[in-house]
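Accompanying notes for the structure given below.
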Amino acid sequence: MPTEIERAYMAQGYALPEGLSWAGVASQRARWGIAPIFVPLAHVRRASLGWGVPFINGRPLRHP
């Protein structure tokens, strides 16, 4: 289940990189202590994720 911030990003056009699930994102976030404003932006191979604040049309997405 996406967090409130993740849902806000999705409402603005963000989508998880192919091959990821929200359960997997939550697991990685908890394991590595990723700040809630960051979401996966890049998925390389099975284990590597790039986290950040998504940009669409040159602007960062807003969060509550």
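Every number in this text was worked out from the coordinates using simple rules, so none of it is lab data. Being a predicted model, the structure only gives us computed values, none of them experimental. Note that we place each Cβ from the backbone using ideal geometry, even for glycine, and neighbour counts take in every protein chain shown.
Filtering the range 26-42 to residues that are closer than 14 Å to E6 by Cα, aliphatic (A, V, I, L, M) and assigned to a strand (DSSP E or B) leaves V39, L41. Out of everything in the range 17-42 that is in contact (Cβ under 8 Å) with a residue 12 or more places away in the chain and of a type in the set (F, W, Y), what residue ends up being surrounded by the most Cβ atoms within 10 Å (Cβ to Cβ)? Filtering the range 17-42 for residues that are in contact (Cβ under 8 Å) with a residue 12 or more places away in the chain and of a type in the set (F, W, Y), the one surrounded by the most Cβ atoms within 10 Å (Cβ to Cβ) comes out as F38. Selection of the range 1-16 for residues being of a type in the set (A, V, I, L, M) and exposed (fewer than 15 other Cβ atoms within 10 Å of the Cβ) yields M1, A11, A15.
Name every residue in the range 43-64 that is part of a strand (DSSP E or B), without any contact (Cβ under 8 Å) to a residue 12 or more places away in the chain and not aromatic (F, W, Y), in order of residue number.
Scanning the range 43-64 gives V44, S48, G50, R59, P60.
So G19 clears everything in (1) of a type outside the set (S, T, N, Q); (2) within 9 Å of the chain's Cα centre (by Cα); (3) part of a loop (DSSP other than H, G, I, E, B) except one condition, right? Which one? Unmet condition: (2).
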